[in-house]
Structures are given as C-alpha cells and as structure tokens.
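Worksheet for the structure shown next.
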Amino acid sequence: VIGYSWYEVFRKVHAKRNNLKPQSEAYWTAYREHTRHLVEEMKKMGFSFDEWTVEVIDEPNLRRFTREEVVNAYRIAREVEPKMSLLVTEGEHTFFEDLFPYVNVWVFKYFGYDTPKYQEYAKRMHAAGKTVSMYACATSPRQNAHRYYRQLSWKAAGWGSRYVSLYEFRDLPYEATFRRTTYGGIVYWTAGEIVPSVRQKSMAAGLNDV
C-alpha cells in the first residue's frame, strides 16, 4: 500500500512548499503530475499494477475536506493511470456513491459489517469485481481481547474480506519500558526484539482460526 493518505501528503507538504493555492487549476495540475511521477517510479522498480495500491485519502470526512475535493483527488488519480489500484480507508460512508466509480479497494470499519447498509455496499463491491477489506482502529488497550481482537478476523472472513487491518501494530519507541501504556499498539519493541502483548496473541489466534 502506498500511503499513508497520498493526497493529504501532497496537500500538506508539496502544495504548501510550492505555494499553490488550494483547489486552483495549478494546484490540481501539480497533483496530477505528482501522481504521474509515482506511477513512473513504480514502473521503473518493476512492480506490476496488481502488486500495489494507493491509499489516496485515509478516512475522508467533511470536517477535513469538501466533497468536491475528495472526489477530485480520486478522479484525477484514476485519470492519470486507469490500471492503478486506488484504495480508500472509510471515514464517512456518505462518500460511497461518490467514490465507487474510482475505488478498487474499500476498507470498511469493522463495527458496521453486519448492518444492511454495509452488507449492500459489500455486495456491490463484490459484484463489480472490487476488493472489500475490514479494519479496526480503536486505540484503547482495554478493548476486549476476544470480541475485539480475536473476532476481527472471523468477521472479515465472514464478510468476504480479502484483508484485515488493525491500527496499530506498534507505537512505542525502541526500548520503551513495559510501564508505558501503548496508544493502541499491540506489541512492545524492547531489548532488540518484538514482544507481543496479550492483545496481539488474541489477534493471532483469530487469524489462525480462519
């Protein structure tokens, strides 16, 4: 996955560095060239289009973006290279109709998977030959080890997801002590090795179940 939030990095870093007026013609032209350069680099490195995907925006919502901006980010990326796989990690489900024509991979939130709305979304994605995935991103280490971590893979498999994702694997710095509370991380990186938590073992058990 190319990310994190490809378009947002362009907006926050490259556009500001070059003093581009947001949403102007020059702004979108630069974004188009920025994305075209990515495609060229991936080709130079020998990657085929089925080996990578681009997370254009991570969890888009109307607090951070306008609807037009989100659609433009995906539409232009699709125009740059029709064969390129585009991914969205869901922020607001209201974007589904807007982005469905452009997105190849939709990563849905796990807690909506059994609702009629999400079931319909998944059916439409599957029928169009697109990829459905599921993720969980609550960051409290007090989440139930069985219901939240172990059952995540069960739910993903039952929904026909190709992938399952969890935020996040590790957040503490190298050689952090066990007395420090993670911000959702499921492993500790200490004494030169990764040390699993009970939460990580629960998720691993769920993957083994599937």
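A few remarks follow.
- Note on segment 107-210: with charges restricted to the Cβ of Lys and Arg (+1) and Asp and Glu (-1), its dipole about the Cα centre is near 300 debye.
- Translational diffusion of segment 1-70 was estimated from the Stokes-Einstein equation, with Rh taken as the Kirkwood radius over Cα pairs; at 20 °C and 1.002 mPa s the coefficient is 164 µm²/s.
- Structure note, pairs K83/K109; K43/K123; K83/K130; K83/K117; K12/K83: Cα-Cα distances above 22 angstrom occur for K83/K109; K43/K123; K83/K117; K12/K83.
- Spin-label zone in segment 117-161 - amide nitrogen under 17 Å from a point set 7 Å from the Cα of Y183 along the C-beta vector: 137-142
- For segment 64-158, convex hull of alpha carbons as volume per residue, Å³: 112
- Inter-label distance, nm, simple model (7 Å from Cα along the C-beta direction), R64/Y4: 1.0
- Multiplying the residue separation of Q23 and H93 by 0.36 nm and removing their Cα-Cα distance gives an extension gain of 22.9 nm.
- Using alpha-carbon coordinates, inclination of helix 67-80 to the longest axis of the chain, degrees: 80
- If you bin all the Cα-Cα distances of segment 115-169 at 5 Å, starting from zero, the percentages per bin are 4, 18, 26, 23, 15, 10, 4, 1.
- Amide H to amide H, with H built 1.01 Å from N, S165 comes under 5 Å of M134, Y135, A136, counting only residues 5 or more places away or on other chains.
- Cβ-derived FRET efficiency at R0 22 Å, T115 paired with W154, nearest 0.05: 0.85
- Normalised contact order of the chain, rounded percent, pairs of Cα under 8 Å and 6 or more residues apart: 14
- Counting only Cβ charges, +1 for Lys and Arg and -1 for Asp and Glu, the dipole size of the chain around its Cα centre is about 420 debye.
- Under the simplified labelling scheme, the A127-T139 pair shows an inter-label distance of 3.8 nm, with each label point 7 Å from Cα along Cα→Cβ.
- Per residue, the chain exposes 55 Å² of accessible surface when a 1.4 Å probe is rolled over the protein heavy atoms with every protein chain present.
- 3J(HN,Hα) couplings calculated from phi for segment 43-48 with the Karplus curve 6.51 cos²θ - 1.76 cosθ + 1.60 (θ = phi - 60°) are, in sequence order, 5, 4, 7, x, 7, 7 Hz; Gly and Pro show x.
- Positive-end residue of S197, T94, W159, charge dipole of segment 82-210 with Cβ unit charges: S197
- Value of Rg to Rh for segment 1-122 (Rh from inverse mean 1/r over Cα pairs, i.e. Kirkwood): 0.98
- Overall dimensions of the chain by Cα: Rg and Dmax, Å: 18.8, 52
The values are calculated or read from the model by the stated rules, or taken from the named source; none is laboratory data. Note that the structure is predicted; figures quoted are calculated from it, not measured. Every residue, glycine as well, gets a Cβ built from its backbone with ideal geometry; the counts of neighbours run over all protein chains shown. These accessible areas exclude ligands, DNA and RNA; they are computed on the full protein's heavy atoms, side chains included. Shrake-Rupley method; radii C 1.70, N 1.55, O 1.52, S 1.80 Å.
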